[in-house]
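Enquirer: One structure is given below, represented as structure tokens, and several questions about it will come after.
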Amino acid sequence: KRRNPGEDEFHQAVREVLDSVAPALRKHPEYAEAKIIERICEPERQIIFRVPWEDDRGEVHINRGFRVEFNSALGPYKGGLRFHPSVYLGIIKFLGFEQLFKNALTGMPIGGGKGGSDFDPKGRSEREIMRFCQSFMTELYRHIGEYTDVPAGDIGVGGREIGYLFGQYKRITNRYESGVLTGKGLSYGGAQVRREATGYGAVFFAEEMLRADGDSFDGKRVVVSGSGNVAIYAIEKVHQLGGTVVACSDSSGYVHDDKGINLEVLKEVKEVRRARIHEYVDALPHASFVPGGRLWDVPCQVAIPSATQNELTAADARTLIAGGCTIVVEGANMPTTPDAVRAFADARVRFAPGKAANAGGVAASALEMQQNASRDSWTFAHSEERLREIMRTIHARCYATADEYGMPGNYVAGANIEGFRLVAEAMLAHGLI
Ligand code: NDP
């Protein structure tokens with residue numbers, strides 16, 4: 001804490017991993033000898049830069065840009081960019097730290113990194129978004145590349161922003177380097193299923209958890225928080241697998257629709273019009289909008305928090321448990337507070353941490369890099385099958401590791417130990433660097 005003052009979310013993420021990996025350290029004294037813990041907690045490189053831009057009225061704004069290149073033991077740094085006013089170094093470091101274990105769990109050759117800005121895209125025009133992205137890339141370009149660091153999207157950064165960032169990178173470097181960014185549009189090197197991958201992947205992971213108990217999504221009531229990229233495609237996949245999502249949200253409140261969230265309307269409101277979620281109810285008056293409410297009050301059997309960090313508290317956990325929830329799968333990064341995780345464990349609710357359950361997004365990004373490198377493009381069906389296989393493998397690895405360490409069904413321990421072990425082995429092999 002003295003070394004990294006004020007970085008609360010980073011401390012929280014580190015503590016969560018360190019709490020789990022003690023048994024692995026006992027089994028592998030060579031990790032402690034090589035100071036793997038101390039090295040893994042220190043990013044390899046942190047870049048902080050000024051992003052000046054002009055709004056439509058000619059007023060000048062200055063934002064702060066970040067890229068934290070956390071660990072390259074397994075491959076080039078890989079991880080998204082987040083544009084949100086809450087962004088500061090502590091958030092980017094927590095996300096980068098989580099990312100390196102998540103990427104290891106995918107079994108793909110990618111290291112961990114994360115970046116972003118405290119820029120708030122809400123209410124900004126297309127041109128303002130474009131100018132901001134261009135200014136951001138005018139500094140970022142010198143630090144990234146298909147063999148060094150490959151950013152993607154996250155909160156506030158979707159296909160539109162990746163397009164502007166890619167355009168500016170190409171213009172400055174005079175290189176058509178497809179593999180420098182992932183999450184690209186299908187018209188210029190993007191991959192099928194990348195947009196859907198995080199949400200679909202989280203639901204595939206949940207399906208494996210249900211299957212381990214001899215159960216399925218059929219007939220299940222599900223609540224998904226958020227209504228962004230992860231949430232929308234999680235909802236889509238739950239419905240395809242026979243479950244019903246009855247509530248979703250944004251930062252203004254939540255929508256409750258007992259008939260099941262109508263995806264066509266949700267996509268129109270959120271993806272096309274980029275509007276607030278209450279407009280869902282304007283189109284479908286049988287549903288209700290609860291301004292500022294906690295959507296965890298809606299009873300469900302499966303909960304998929306998919307908005308942001310620390311959005312599900314211990315009080316929410318107790319409400320969910322009382323409402324009959326037996327499975328919680330993190331679509332977002334660290335959406336569940338440590339107290340809430342403990343409450344779920346005490347009530348024997350099955351709980352999957354984001355670094356395992358939402359790894360589908362980065363896995364599909366690695367598949368996009370693979371297709372770019374071989375100048376190939378796969379079909380939707382083939383890409384989805386690869387994603388499903390990867391999620392099954394991640395589930396099996398976490399499950400087996402938890403068993404191996406005498407904590408059957410503990411996905412937190414399984415994911416942390418397995419991710420840590422994979423990174424630690426590669427770091428040992430590379431010597432003291
Ligand atoms: P989006 O920007 O597409 O959507 C974010 C959603 O969460 C919006 O509905 C937003 O509501 C809500 N939200 C964001 N911040 C807050 C907040 N402070 N309070 C309440 N609601 C909030 O982002 P993504 O769907 O891409 O990301 C969601 C989560 O998933 C993040 O934790 C991200 O790190 C994680 N993730 C994303 C991956 C991806 O591939 N996109 C991959 C792996 C993890 P509003 O519009 O009102 O702000």
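Coordinate-derived values only; no laboratory data. Worth saying up front: this structure is predicted, and the values here are computed from it rather than measured. Glycine gets a Cβ as well: all are built from the backbone with ideal geometry, and neighbour counts include every protein chain shown.
Enquirer: Let me have the relative contact order for the chain, percent, based on Cα pairs under 8 Å that are six or more residues apart.
Expert: Across the chain, relative contact order equals 16 percent.
Enquirer: Using amide H atoms built in the peptide plane, which far-off residues or other-chain residues are under 5 Å from A352 H to H?
Expert: Under 5 Å from the amide H of A352 lie the amide H atoms of V328, V329, E330, each far enough along the sequence or on another chain.
Enquirer: Given the peptides 238-248, 312-322, 195-205, arrange them by the average over their residues of other C-beta atoms within 10 Å, most packed first.
Expert: By packing density, highest mean first, the sequence is 195-205, 238-248, 312-322.
Enquirer: Find the eigenvalues of the gyration tensor of the Cα atoms of the chain, then list the square roots of 5 times those eigenvalues as equivalent ellipsoid semi-axes, largest first, in whole angstrom.
Expert: After scaling each eigenvalue by five and taking roots: 30, 29, 20 Å.
Enquirer: Report the FRET efficiency, 1/(1 + (r/R0)^6), for A347 and D403, where r is their Cβ-Cβ distance and R0 is 22 Å, rounded to 0.05.
Expert: 0.55
Enquirer: Same structure again: Please name whichever of T319, M209, G219 sits farthest to the positive end of the charge dipole of the chain, dipole taken about the Cα centre and charges placed at Cβ: Lys and Arg +1, Asp and Glu -1.
Expert: Result: M209.
Enquirer: Taking H as built 1.01 Å from N, whose amide H comes closer than 5 Å to the amide H of G65, not counting residues under 5 places away?
Expert: F49, R50, V51
Enquirer: In whole Å, what are the extents of segment 196-352 along the principal axes defined by its C-alpha atoms, from largest to smallest?
Expert: 41, 29, 26
Enquirer: Taking 0.36 nm per residue of sequence separation and subtracting the Cα-Cα distance, how much length would be gained by fully extending the chain between L186 and D376, in nm to one decimal?
Expert: This chain segment gains 67.2 nm when fully extended.
Enquirer: Another question about this same structure. Based on other C-beta atoms within 10 Å, arrange K114, K184, K220 from fewest to most.
Expert: K220, K184, K114
Enquirer: Treat every Asp and Glu Cβ in segment 196-352 as -1 and every Lys and Arg Cβ as +1, leave all other atoms uncharged, and give the resulting dipole magnitude about the Cα centre to the nearest 20 debye.
Expert: Dipole of segment 196-352, to the nearest 20 debye: 160 debye.
Enquirer: Same structure, new question: For a quick check: with amide H placed at 1.01 Å from N, whose amide H comes under 5 Å from S227's, ignoring anything fewer than 5 positions away on the same chain?
Expert: So S227 has HN proximity to S249.
Enquirer: Output wanted: per-residue J couplings in Hz (rounded whole) for segment 418-433, from phi through Karplus 6.51 cos²θ - 1.76 cosθ + 1.60, θ = phi - 60°, x for Gly and Pro.
Expert: Rounded to whole hertz, the list is 5, x, 4, 4, 5, 6, 4, 4, 5, 5, 4, 5, 7, x, 7, 10.
Enquirer: Over segment 269-341, calculate the relative contact order: mean separation of alpha carbon pairs under 8 Å at least 6 apart, over the residue count, as a percent.
Expert: Here the relative contact order equals 30 percent.
Enquirer: Please name whichever of V87, Y147, A34 sits farthest to the positive end of the charge dipole of segment 8-176, dipole taken about the Cα centre and charges placed at Cβ: Lys and Arg +1, Asp and Glu -1.
Expert: The residue sitting most towards the positive pole is Y147.
Enquirer: With an 8 Å Cα cut-off and a minimum separation of 6 or more residues, compute the relative contact order for segment 168-279 in percent.
Expert: Reported as a whole number, the value is 19 percent.
Enquirer: Mean residue ellipticity at 222 nm from the helices of the chain, using -39,500 (n - 2.57) per DSSP H segment of n ≥ 4 over the full residue count, to the nearest 500 deg cm²/dmol?
Expert: Value at 222 nm, helices only: -14500 deg cm²/dmol.
Enquirer: Each residue of segment 206-223 in turn: what ³J(HN,Hα) in whole Hz from Karplus with 6.51, -1.76, 1.60 and θ = phi - 60°, glycine and Pro shown as x?
Expert: For segment 206-223, the Karplus curve yields 4, 4, 5, 5, 5, 4, 4, 9, x, 10, 8, 6, 3, x, 7, 8, 10, 10 Hz.
Enquirer: So what J values fall out for segment 115-122 if you push phi through Karplus, 6.51 cos²θ - 1.76 cosθ + 1.60 with θ = phi - 60°, rounded to Hz, Gly and Pro as x?
Expert: x, x, 7, 7, 5, 9, x, 4
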